[in-house]
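Here's the structure we're looking at; comments come further down.
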Amino acid sequence: MRAVVVEQFGTVPLSREVPEPVPGEGDAVVRVGATGVCRSDWHAWMGHDPDVVLPHVPGHEFAGVVEQVGAGVRDRRPGMRVTAPFVNACGRCPMCAAGQHQVCLDQRQPGFTHWGSFAELVVVERADVNLVALPDHLDDVGAASLGCRLATAFRAVVDVGRVRPGEWVAVHGCGGVGLSAVLVAVAAGARVVAVDVVPAALDHAARLGAEVVVAAAGRSPLEAADAVRTASAGGADVSLDALGSEATCTASIAGLRPRGRHVQVGLLPGAAGLPRVPMHLVVAGELQVLGSHGMAAHDYPRLLGLVAAGRIRPGELVSRTIPLARAGQALADLGASADLGESADGKRSGITVVLPQE
Ligand SMILES: [Zn+2]
Ligand SMILES: [Zn+2]
């Protein structure tokens, strides 16, 4: 099969022939119909993730069809259209027993702990626990984001942020997961302030229903936070750092009203340095600082219900589709300006989806 293979961290990977995967016990092999290019793929490619061993195939956000299942798989069959949360949970540890598969103690992640979905085929471990059946009305391009960004945003806004209708939600960083959070927050009846340095990302957020956009270019994090507090009549009830940087984390916390909830969604890998966080504001305002990490497979029906009802349209996140041969360059482009706190490459907003079968 063809796959995009990272041979060296930080060097644009090319696609080449590799052996097809064979499912181990409990595993499924999925033929990848579509796979998103996500910022955490960029972190893996940069060498920020200690789990990644070279040579490596990135990709953890996909939709496709089950091709083959290993011994012991009970409920998943070849021919099923599926996605899977990027955390492939064990289903047995104390966290899984409590229903918290997204923080499984024995988790595996395609594209990180083993080869991922920038390939014609990908392995999903513990298939009975992790494969999510897709409805026919949702195509693979739209469904790919259910593996990571849309599901992550749903859990961050609805379950971790506990948003209520009429509340203000601030989204700092309007890349893929940030735009997903805008979509989810609007569907939940919240009023949304979107913050980014890239005009195209703000335009996209406004099209998805953000009521106010704040152009953060040239503003300090505290100035961006001031703009959020002004727009939201005293501060956001829920605020997300959807990029993962010291600047966006600071702006998110500082833009909350007293007793507001900050949800950290963007990755801040230790390899990139430990961010300074305005903890004095957390104490003075009794703020809550929360983390959110994907979503368990068994939690997907609520999100899929909103998709079926037409209240969330995943296709609105997608800006372009590309063949596998261009995936490596797309990965490099995604992070080219991340150090500047940019969520997009300056020209394009939204999610790039790779079509490995083309
Ligand atoms: Zn992701
Ligand atoms: Zn587990």
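The values are calculated or read from the model by the stated rules, or taken from the named source; none is laboratory data. Just so it is clear, the structure is predicted and the values come from calculations on it, not from any experiment. Ideal geometry is used to build each Cβ from the backbone, glycine not excepted, and the neighbour counts take in all protein chains shown. Calculation scope for accessible area: heavy atoms of the full protein, side chains included, ligands and nucleic acids excluded. Shrake-Rupley method; radii C 1.70, N 1.55, O 1.52, S 1.80 Å.
Relative to the current alpha-carbon distance between D226 and R74, full extension at 0.36 nm per residue lengthens the span by 49.3 nm. Here's how it looks for A34: its modeled amide H is under 5 Å from those of A63, which are all 5 or more places away or on a different chain. Summarising the strand pairing of the chain, around 45 percent of its internal DSSP beta bridges are antiparallel. Using a 1.4 Å probe on the protein heavy atoms, what percent of the accessible area of region 16-123 belongs to carbon and sulfur? Carbon and sulfur: 54 percent of the exposed surface of region 16-123.
Estimated from helices alone, the mean residue ellipticity of the chain at 222 nm is -6500 deg cm²/dmol (sum of -39500 (n - 2.57) over DSSP H runs with n ≥ 4, per residue).
Relative to the longest principal Cα axis of the chain, at what angle does helix 176-187 sit, 0 to 90 degrees, rounded to 10? Value to nearest ten degrees: 70.
Close amide-amide hydrogen proximity is noted between L256 and A236, each under 5 Å apart and 5 or more residues distant or on a separate chain (H modeled in the peptide plane; Pro and chain starts excluded). Shape of region 164-301 from the C-alpha gyration tensor: rounded (a/c under 1.5, with a ≥ b ≥ c the square roots of its eigenvalues). If a/c stays under 1.5 just call it rounded; otherwise compare a/b with b/c (prolate if a/b is bigger, oblate if not). Do that for region 15-109, with a ≥ b ≥ c from the square roots of the Cα gyration tensor eigenvalues. Here region 15-109 falls in the oblate category. Protection proxy ranking, highest mean first, for peptides 46-55, 199-208, 158-167: 199-208, 158-167, 46-55, where packing is the per-residue count of other beta-carbon atoms within 10 Å, averaged. Where a ≥ b ≥ c are the square roots of the eigenvalues of the C-alpha gyration tensor, would you call region 72-122 rounded, which needs a/c under 1.5, or, failing that, prolate if a/b is larger than b/c, or oblate? Since a/c reaches 1.5 but b/c is at least a/b, the shape of region 72-122 is classed as oblate.
Full extension of the chain between A217 and L290 yields a length gain of 23.7 nm, computed as 0.36 nm times the residue separation minus the alpha carbon distance. Shape annotation for the chain: C-alpha extents along the principal axes are 56, 40, 35 Å, from largest to smallest. Summarising the amide proton neighbourhood of S349: residues at separation of 5 or more, or on other chains, whose placed amide H is nearer than 5 Å comprise an empty set. Rg/Rh for region 135-189 (Cα atoms only, Rh after Kirkwood) is 1.00. Taking 0.36 nm per residue of sequence separation and removing the Cα-Cα distance, the F9/H298 pair yields an extension gain of 100.6 nm.
Rounded to the nearest whole Hz, the Karplus-based 3J(HN,Hα) values (6.51 cos²θ - 1.76 cosθ + 1.60, θ = phi - 60°) of region 319-329 follow the sequence 9, 6, 10, 9, x, 4, 4, 9, 5, x, 5, with x at glycine and proline. Each residue of region 250-255 is assigned a 3J(HN,Hα), and the resulting list reads 5, 4, 5, 5, 6, x Hz, derived from the Karplus form 6.51 cos²θ - 1.76 cosθ + 1.60 (θ = phi - 60°), x at Gly and Pro.
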